[in-house]
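Q: So that we are looking at the same thing, I have put the structure below in structure tokens.
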Amino acid sequence: MTGAPSPAQGPVPLACPALHERGFTAAARRLTAPDGPALRPVTLGGGLRAWAATGPAVARGVLTDPRLTNDIGEVGGPVQGFPDRRYPEDFFAHAPQLLSASGERHRGLRRIVAPYFTAAATERTGARLRDALDRIIGSLAGRGRIDIVTDLALPLAGATAGEILGIVPERRDAAVTAALAASGAVPGTEEARSAHHVFAQTVLHIIGAARRSPDPSAATALLHARQTGRIGNAELAGMLGMLLIGTVDSLSTVVPSGALMALRRPEVRHGLGTGHGGGPAYTTAVTEEILRLNPPFQHTGWRFTRDDCVLAGIPLPRGAVVVTSVLAANLDPAAWPDPLRADPLRADPARADAHRRTVAGHLSFGHGPHYCLGAALGRRLVHEALTGLFRRFPGLSLAAPLDGLTWHGTCLRRLDRLPADTCPRTL
Ligand code: HEM
């Protein structure tokens, strides 16, 4: 095979509408059509031609295949579509950090921050964030109308980034704004240049605060690694930026889309409240279904073929871009019968298909060596934010028409506002 030809004709856009948007069913059907190959040609946001793994088994294979690398520098030749165009995911491909590294370099970077994401560390961080969440939700008392994005998801994202990176409370809102602007800007535009400038300043502030901080955090660990020569300046900045964007983008996306799902589906809202006896196992399973159906990252980051190879029966040239469609994998009907239904009882051990939860768990947190480091914390926060919200406001109702809601982004499909009334409206 020579050169790096584009995938076959007629790729479908991978930027799927989110579950709640018109057109979702058609997009999901294209990606999940049972007669299609498990590796499908797609167009990513920005126009990049890529291949997407759509079935869960092939997706897991792609995410653990040593013939693929996250490190664009390891491809010994031209990479499809690069370097003449810029893409929304550029930061993750080029800044030196976990998601642009593979092999020993990736393991080395991961070892530096992993102690801040162990079960014990998650328990400590989670307990502090539960208090923060109580304050955030408590501050909404007495308000007739709230905005689930600006009043809940963004403050929670700020508090979480603050805990992980040692950002002082008065700088958290600005850090969230900077992260959203940097990850949402269209690469190559003036808006993107200015957003990246502000973002770089934010990262410098985090480094400055880490220098002065007596409290250990992922930021102080990275700074120490820089001071002892384990990483360079670019990796320090790339890792801090990645942790900030990863935290803010994921929570600001999944909390509102999960809340919207609960607002629209009585059985989901009931399950998050006191439904079915409100047992913790049941409500946790409801959250898990929300995460399956609302993956904040609709596809994983780019992987590149190191050499010509055959993947899932498809011959690919060196330098092909491969992603995993988290959304399509999570909607696989063989793993999730009636996949669009939120069914927490899928986890019920009494059910015949209960084993599927372990063998075919959803891919919203990825899989393999790059499995989300913040998965336990993210799960817990989404669960506590949504259960806390619907228990505090059992009569919460959507205060905007569905087609009046604006979704932004491609890989991330984020709502900028989600207004809701806290009391049932009287007619
Ligand atoms: C519900 C919330 C979250 C979801 C659904 C989520 C999802 C993901 C996914 C899909 C990946 C893998 C990307 C890939 O393979 O290309 C990932 C990686 C990662 N996530 Fe999360 N994430 C969430 C929250 C967080 C939080 C709160 C943090 C905390 C800082 C975090 C830190 C990370 C890191 C460090 C990685 C890179 C791991 C590696 O490359 O070794 N995530 N996340």
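Q: Ala57 passes all but one of (1) more than 15 Å from the ligand (Cβ to nearest atom); (2) at pLDDT below 90; which number fails?
A: Every condition holds for Ala57 apart from (2).
Q: If a residue has to be away from the ligand (no atom under 11 Å from the Cβ) and in contact (Cβ under 8 Å) with a residue 24 or more places away in the chain to count, how many in the stretch 242-275 make the cut?
A: Qualifying residue count for the region: 15.
Q: Turning to a different aspect of this structure: Being surrounded by 20 or more Cβ atoms within 10 Å (Cβ to Cβ) and part of a helix (DSSP H, G or I) is the filter here; which residues of the stretch 296-351 pass it?
A: Across the stretch 296-351, the qualifying residues are Val326, Leu327, Ala328, Ala329, Asn330, Pro344, Arg346.
Q: Which residue, of Gly404, Gly395, is in contact with a Cys (Cβ under 6 Å, 6 or more places away or on another chain) and either in contact (Cβ under 8 Å) with a residue 60 or more places away in the chain or farther than 16 Å from Ala153 by Cα (or both)?
A: Gly395
Q: Checking the condition more than 23 Å from Arg379 (Cβ to Cβ), surrounded by 14 or more Cβ atoms within 10 Å (Cβ to Cβ) and without any contact (Cβ under 8 Å) to a residue 24 or more places away in the chain, which residue from His205, His224, His197 passes?
A: Residue meeting the stated conditions: His224.
Q: Right, next: Check whether at least one residue in the stretch 348-357 is under 21 Å from the mean Cα position of the chain (by Cα) and at pLDDT 80 or above, and report yes or no.
A: Among the residues of the stretch 348-357, not one is under 21 Å from the mean Cα position of the chain (by Cα) and at pLDDT 80 or above, which makes the answer no.
Q: Residues of the stretch 61-106 being within 17 Å of the chain's Cα centre (by Cα) and either among the basic types (Lys, Arg) or modelled with pLDDT under 90 (or both), which ones?
A: Pro88, Glu89, Asp90, Phe91, Phe92, Ala93
Q: Taking the condition of being in contact with a Lys or Arg (Cβ under 9 Å, 6 or more places away or on another chain) and within 18 Å of Phe117 (Cα to Cα), how many residues in the stretch 184-226 meet it?
A: Of the residues in that region, 3 qualify.
Q: Taking the criterion of being touching an Asp or Glu at 6+ places or on another chain (Cβ under 7 Å) and crowded, with 23+ Cβ neighbours inside 10 Å, would at least one residue in the stretch 152-170 satisfy it?
A: yes
Q: Test of understanding: among Gly273, Gly279, which residue is surrounded by fewer than 24 Cβ atoms within 10 Å (Cβ to Cβ), within 15 Å of Leu386 (Cβ to Cβ) and not β-branched (Val, Ile, Thr)?
A: Only one candidate qualifies: Gly273.
Q: Still on this structure, please answer the following. Could you check Pro344 against (1) modelled with pLDDT under 95; (2) over 30 Å from Ala141 (Cα atoms); (3) more than 9 Å from the ligand (Cβ to nearest atom) and say which number it fails?
A: The single condition Pro344 does not satisfy is (2).
Q: Are any residues in the stretch 369-383 assigned to a helix (DSSP H, G or I), near the ligand (Cβ under 6 Å from one of its atoms) and in contact with a Phe, Trp or Tyr (Cβ under 9 Å, 6 or more places away or on another chain), and if so, which ones?
A: Leu377, Gly378
Q: Looking at Asp134 and the list (1) loosely packed, with under 14 Cβ neighbours inside 10 Å; (2) part of a helix (DSSP H, G or I); (3) without any contact (Cβ under 8 Å) to a residue 24 or more places away in the chain, which single condition is not satisfied?
A: Unmet condition: (3).
Q: Can I ask one more? For the stretch 156-183, give me the residue count where each residue is over 18 Å from Tyr116 (Cα atoms) and either of a type in the set (D, E, K, R) or in contact with a Ser or Thr (Cβ under 6 Å, 6 or more places away or on another chain) (or both).
A: 6
Q: Turning to a different aspect of this structure: If only one of Ser139, Ser217, Ser213 is out of contact with any His (no Cβ under 8 Å at 6 or more places or on another chain), polar (S, T, N, Q) and modelled with pLDDT under 95, which one is it?
A: Ser213
Q: When the stretch 202-232 is examined, which residues are found to be over 22 Å from the mean Cα position of the chain (by Cα) and either acidic (Asp, Glu) or closer than 16 Å to Phe91 by Cα (or both)?
A: Matches in the stretch 202-232: Asp215 only.
The values are calculated or read from the model by the stated rules, or taken from the named source; none is laboratory data. Remember, it's a predicted structure, so these values are computed and weren't measured experimentally. Using ideal geometry, Cβ is built from the backbone for each residue, glycine included, and neighbour counts are taken over all protein chains shown.
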